[in-house]
Amino acid sequence: MPKARITKDMVIDAAFQVTRVEGAENVNARTVSQKLGCSTQPVMYHFSKIEDMKRAVYAKLDRFHAEYLMNVNPKEDVMLGIGLNYIRFAVEEPNLFRFLFQSGFVAENSLLEMIDSKELEPVISAMQEAMGLDMEQTKKVFLTLAMFVHGYASIIANNSLEFDENVVSVHLEQVYRGAILAIREEENEKAI
């Protein structure tokens, strides 16, 4: 009986699962091959360098995270829902969160590069529509919220803070409203 062919996607999926459960630092040919139930040869055939496998896992994770963020309850304000989802992701998937945001694999070097990235377009567009601001104003609000939400999520993902959704929701609402008020105040000052 011929052995099942191990595809590149199967290797990426297995490496994703290792990252999810054990952390990206434990992704190697041995752990991935164990997850697949095969020797290390098929893993190394598709990825001669573990760094390349991690980059492929990172790309899959980036798409997974974007879908997770956009799964907002229709009863929630879109921006607040996205912010809460970002923090929930850190609570539910701390290893994936750490790999995505604290591993050095991120393609952008700054928040300004990130905000203009193709992957973030759906989030920024949803925010703009929900807030009724122009794109530049939306990006300013996003940057304010991103700093706050990422800080909260990072602290939680590293087990330094317990997640209380009600408390986080109140804080997020305050930052959100404050950022919008600051943008509108800035526009009023320009008009004078």
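The figures follow:
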{"item": "Excluding exposed DSSP-loop trypsin sites (Lys or Arg not before Pro) (at most 12 other C-beta within 10 Å), longest clean stretch of the chain", "result": "76-192"}
{"item": "Loop GluC sites (Glu not before Pro), region 161-192 (other Cβ atoms within 10 Å of the site Cβ: 15 or fewer; DSSP)", "result": "E162"}
{"item": "Neighbourhood net charge (11 Å Cβ-Cβ; Lys/Arg +1, Asp/Glu -1) for F47", "result": "+2"}
{"item": "Distance cut-off 27 Å, percentage of C-alpha pairs in the chain lying past it", "result": "39"}
{"item": "Gap separating the Cα centres of region 33-70 and region 118-192, nearest whole Å", "result": "32"}
{"item": "Axial C-alpha extent at least 18 Å, average Kyte-Doolittle at least 1.6 - helices from the chain (DSSP)", "result": "none"}
{"item": "Entries in K60/K139; K118/K190; K49/K118; K8/K54 that, when Cα-Cα distance is taken, lie over 20 Å", "result": "K60/K139; K118/K190; K49/K118"}
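Throughout, read-outs are computed from the coordinates displayed, never taken from laboratory work. Computed from a predicted model, the values in this text were never measured in an experiment. Neighbour counts run over all protein chains shown; Cβ positions are idealised from the backbone, glycine included.
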